[in-house]
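Written out below as structure tokens is the structure these notes cover.
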Amino acid sequence: MPGDLFMVIDGNSLAHRAFHAIPALSTSKGVQTNAVYGFTTMLLKILDEKKPGLVAVCFDKGKITFRHDHYSDYKAHRKGTPDDLRPQFPLLKKLLETMRITILEEDGYEADDLIGALTTAAEKHNISSVIVTGDRDALQLVSPLTRVLLTKKGITELDEYDEGKVWEKYGISPEQLIDFKGLVGDASDNIPGVPGIGEKTASKLIKEYGSLEELIEKRNDLTGKIRAKMEEFREQALLSKKLATIIREIPVAQDMDRFRWQGPDYAELLALFSELEFKTLIRSILNRQGEGKKGKKGVAKNDFEVAGAGAYTVGYITIDDESSLKSAAAKIKDAAKIALALEGDRKSGLKAAALSIAGNIFLLPLEGGRGLSRAAALAWLKEICGDPDFRLLCHNAKEDMWRLKAEGIKLEGIFFDTMIAAYLLNPATSSRELTEVALEYLKIVLPSGIEAALPARAEAVRRLHGELSHGIEETGMDRLYYEVELPLVTVLAEMEMTGVKVDRDRLNEMSLELGEKIQSLSAAIHSMAGEEFNINSTKQLGYILFERLQLPVIKRTKTGYSTDAAVLEELAGSHEIVAQVLEHRQMVKLKSTYVDGFSPLIDPETGLLHTTFHQDVTATGRLSSAEPNLQNIPIKMEEGRKIRKVFLPRREGNIILSADYSQIELRILAHMSADPLLVEAFRKGEDIHARTASEVFGVRMEQVTREMRGRAKAVNFGIIYGISDFGLSRDIKVPRREAKLYIEGYFNRYRGVKNYIDRIVAEAREKGYVTTLLNRRRYLPDLFSSNHTVRSFGERTAMNTPIQGTAADIIKMAMVRIQREIVERGLATKMILQVHDELIFDVPLEEFEEMKELVKTRMENALALDVPLVVDMKAGQNWYEVKVIK
């Protein structure tokens, strides 16, 4: 044991330091974690650097200690533990348990006293110690065998103190620091000291007299004010020294072996990191494992690595000849469920497959070189994947469908998709990779490498099915999952594979047109500025606007003037150059992101754009698209709308059919709030914005002006998103007081809406989440933030999510039912795009009337509400030219 390093950590000090250094941080379910994250980051770093053989973490236990018996006002002015920090201490202790680090806390003592007892015991065993703390009181413990690591800045910098560093800082020895504290006191602990004696004087006196007691004994040798102060406050000085002295005689370290550190329980540690959503730390731990294995002779590069983590491995059978294939086929044939894991990509095809059933796991290599041909292996895989009677369990089945498509195989029997289930159970997590889902729900770390990983992945999917299906049932999302989200996987795959035809020639023309427009705008801007400059440079634009043209400064950043969109819009009336700059930005984005951005993404084999629809990204349940994003084409400006001209039917004679829900969110609000005026307006088919204007402005419907209707429309949609009077005043360009009157007028007339909003926010605070009509759940940790701005955002989210999420559920239901009928009727029509509340179809002319009726009927009857759902139908030769049809 001698020669080992004993690391003793002040748990309370580091927890507070981490809490104040790390911005507010919480899990997707609202658990505050910033102190735990900062503490953990610091702990792992120090353990890695110092490599101690023994470790202990000491905590205060309660506020009252023996020091209060001597001085009741001890620490009287110290603020209580912040509300957001207090619940993190149990998590910190759970972390330390998984790290297998000994925790010490004793009634009546502070962490400092326990630290003093431990380091004193260590010195008796000739063991070197290092104390990690943010409390300078610990410096009195410095000795030839004990050093202190003092937190200096945030959680990243530490100052190491030995005896020489203490002398250099204070001019006295470590053991004299308690005498020093007797004189200067400590405001943070409410230790009084001697009034009027500062650090320099105290250091000089203690250096000269050796101790506080000797100074008091010889106080008559002193002169002037110092003598008078020592005479008057000598008892207070002795009390202050007593309060500042760390007690070392506590029987907590008779057996030093109890602090021996064997390293973490990595499986438990990774599971806890997963629960706390510490993605960066998970990756760091797993990366350490990989780096450790690169050391010579299998020795890790550093001591803190995950060789002991025990990556999840399984026993499996490799199918490498006709005999093993026949045996596997017999077992698979009778399996109730088959979990599937594939290795490969969309273009190059499959490298291997793994299948897991109860009792057996199979690895099917597909790269040749074994006794089974690739053709035979693929043929067997096709029998399984192409048979809808098999119940297949997948993780990201849509991607599996793409991989199998490259081999000419269609995936038919999707029974469960663990990625989609994990998304429904917690939509706020940033990633649903199988490795992370397995870690969160099964507490296992999946290995890397095809042969090791693929069978483990298949088995993880099989086991996850049980866990996640139970969670779906418990949360009441059965209907949402099995009737909407799971069948939608196949619908989206079909849409992606179908692709969208684009007019390359028109794209090139638009690129040239926009390029000329940008050049023209640049010239105009430079002329107004009186010089040429980089319009895309925030710094140069700021100089032109706020120094050369002397426009009022709206907002500053750390690096200078802000020129963001909000600032420019506010400045729009100050100078004509601002409008030109805004338009320039819009044209540049249109050209680079959309017009020029589309061309490289056109598939060279199909000649089509194949966007990817993400089903597991948004917290509300809405779909998103990427590469390219076809949902965010800016259509409020004509140049943006024109981009839709390039989207054509896939063959001549076909028609683009567009079906768009009309005011679906307002209709859902009417249903959820049961507001009689709102419900009546929709049932009568009234112009809802004119009706709202009539109610808010107190005029008859026929007296509503265009301006009134426009303002009422802004209020209608603003209410759904919890708009403030400030936001409304900015949007409709009226004084804030006037905007406030509009909102108050709305709630006075639509009291059912006000009651609904109050109720939904109250229920969200009670439950911690909100749900849609189909029970889609979204957790709202922001509701419990101590920050007013964050909490207000949580309230707005609580108002909007049930409405926006239900709209997402409805259109998804419609998509599933429409696609099912297209297949059942054997139609050649293709659903090609979904853009928020709109569906786009590529329809052969001969199927147009049938599809028009099918789409309208299924969309308007997707979910029964107390008000009718209405769909606006349009058709045309391209997406831009679609016209309203009856």
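Just one of (1) touching a Phe, Trp or Tyr at 6+ places or on another chain (Cβ under 7 Å); (2) part of a helix (DSSP H, G or I); (3) not small (Gly, Ala, Ser) fails for residue 656. It is (2).
With respect to (1) assigned to a helix (DSSP H, G or I); (2) in contact with a Pro (Cβ under 7 Å, 6 or more places away or on another chain); (3) under 24 Å from residue 603 (Cα atoms), the lone exception for residue 644 is condition (2). Summed over the stretch 384-406, the residues that are surrounded by fewer than 17 Cβ atoms within 10 Å (Cβ to Cβ) and either part of a loop (DSSP other than H, G, I, E, B) or polar (S, T, N, Q) (or both) give a count of 6.
Figure legend. Inter-residue proximity from the stretch 416-430: first residues assigned to a helix (DSSP H, G or I), second residues aliphatic (A, V, I, L, M), beta-carbon distance below 6 Å, spacing 6+ or different chains. Indicated pairs: 418/461; 418/464; 418/468; 421/468; 421/472; 422/437; 424/477. Set side by side, the residues 784, 793, 747 differ, and just one is under 25 Å from residue 679 (Cβ atoms) and not charged (D, E, K, R), which is 747.
The set of residues from the stretch 757-784 being among the basic types (Lys, Arg) and crowded, with 19+ Cβ neighbours inside 10 Å comprises 776, 777, 778.
Yes or no: residue 527 without any contact (Cβ under 8 Å) to a residue 12 or more places away in the chain and either over 25 Å from residue 402 (Cβ atoms) or touching a Pro at 6+ places or on another chain (Cβ under 9 Å) (or both)? Break it down stepwise before answering.
Values: without any contact (Cβ under 8 Å) to a residue 12 or more places away in the chain: yes; either over 25 Å from residue 402 (Cβ atoms) or touching a Pro at 6+ places or on another chain (Cβ under 9 Å) (or both): yes.
Yes.
Would you say residue 639 is in contact (Cβ under 8 Å) with a residue 24 or more places away in the chain, under 30 Å from residue 522 (Cα atoms), under 31 Å from the mean Cα position of the chain (by Cα) and not assigned by TED's automatic domain parsing to the domain that holds residue 519? Walk me through it before giving the result.
Values: in contact (Cβ under 8 Å) with a residue 24 or more places away in the chain: yes; under 30 Å from residue 522 (Cα atoms): yes; under 31 Å from the mean Cα position of the chain (by Cα): no; not assigned by TED's automatic domain parsing to the domain that holds residue 519: yes.
In short, no.
For the stretch 811-832, taking the residues that are in contact with a helix residue (DSSP H, G or I) (Cβ under 7 Å, 6 or more places away or on another chain) and β-branched (Val, Ile, Thr), the one that is surrounded by the fewest Cβ atoms within 10 Å (Cβ to Cβ) is identified as 816. In the set (1) farther than 30 Å from residue 847 by Cα; (2) under 31 Å from the mean Cα position of the chain (by Cα), the condition left unmet by residue 661 is number (1). Can you confirm whether residue 446 is among the aliphatic types (A, V, I, L, M), part of a loop (DSSP other than H, G, I, E, B), modelled with pLDDT under 95 and touching a Leu at 6+ places or on another chain (Cβ under 9 Å)? Criteria met by residue 446. Applying the set (1) in contact with a strand residue (DSSP E or B) (Cβ under 9 Å, 6 or more places away or on another chain); (2) crowded, with 18+ Cβ neighbours inside 10 Å; (3) among the small types (Gly, Ala, Ser) to residue 529 leaves exactly one unmet item: (1).
Do you know which of the residues in the stretch 664-700 that are of a type in the set (Lys, Arg) and buried (at least 21 other Cβ atoms within 10 Å of the Cβ) is farthest from the chain's Cα centre (by Cα)? Can you show your working first?
Here is the first cut: in the stretch 664-700, the residues of a type in the set (Lys, Arg) are 667, 683-684, 691, 700.
Add one more test, that the residue is buried (at least 21 other Cβ atoms within 10 Å of the Cβ), and what stays is 667, 691.
Numbers: 667: 31, 691: 40 Å.
Only one residue fits best here, namely 691.
Given (1) among the β-branched types (Val, Ile, Thr); (2) in contact (Cβ under 8 Å) with a residue 60 or more places away in the chain; (3) within 20 Å of residue 167 (Cα to Cα), identify the lone condition not met by residue 142. Result: residue 142 passes all but (2).
Output the residue which, of all residues in the stretch 139-192 that are acidic (Asp, Glu) and not in a strand (DSSP E or B), is surrounded by the most Cβ atoms within 10 Å (Cβ to Cβ).
First, the residues of the stretch 139-192 that are acidic (Asp, Glu): 157, 159-160, 162-163, 168, 175, 179, 186, 189.
So of that shortlist, the ones also not in a strand (DSSP E or B) come out as 162-163, 168, 175, 179, 189.
On the way: 162: 15, 163: 16, 168: 10, 175: 14, 179: 26, 189: 21.
Across the stretch 139-192, the extreme among qualifying residues is 179.
Let me confirm something: among 372, 355, which residue is buried (at least 20 other Cβ atoms within 10 Å of the Cβ) and modelled with pLDDT of 90 or more? After ruling out the rest, the residue left standing is 355.
Each row is one residue, and each column tells you yes or no for (1) at pLDDT below 85; (2) closer than 23 Å to residue 48 by Cβ; (3) outside the structural domain of residue 427 (by TED's automatic domain parsing); (4) out of contact with any Lys or Arg (no Cβ under 6 Å at 6 or more places or on another chain).
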{"position": "216", "(1), (2), (3), (4)": "yes, no, yes, no"}
{"position": "237", "(1), (2), (3), (4)": "yes, no, yes, yes"}
{"position": "267", "(1), (2), (3), (4)": "yes, yes, yes, yes"}
{"position": "273", "(1), (2), (3), (4)": "no, yes, yes, yes"}
{"position": "278", "(1), (2), (3), (4)": "no, yes, yes, yes"}
{"position": "285", "(1), (2), (3), (4)": "yes, yes, yes, yes"}
{"position": "289", "(1), (2), (3), (4)": "yes, yes, yes, yes"}
{"position": "296", "(1), (2), (3), (4)": "yes, yes, yes, yes"}
{"position": "302", "(1), (2), (3), (4)": "yes, yes, yes, yes"}
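In the stretch 244-259, of all residues being at pLDDT 80 or above and in contact with a helix residue (DSSP H, G or I) (Cβ under 6 Å, 6 or more places away or on another chain), the one that is farthest from residue 122 (Cα to Cα) corresponds to 245. Number of residues in the stretch 569-593 that are in contact with a helix residue (DSSP H, G or I) (Cβ under 6 Å, 6 or more places away or on another chain) and modelled with pLDDT under 90 equals 2.
The values are calculated or read from the model by the stated rules, or taken from the named source; none is laboratory data. Note that the structure is predicted; figures quoted are calculated from it, not measured. Heads up, the Cβs are rebuilt from the backbone with ideal geometry, glycines too, and the neighbour counts pull from every protein chain shown.
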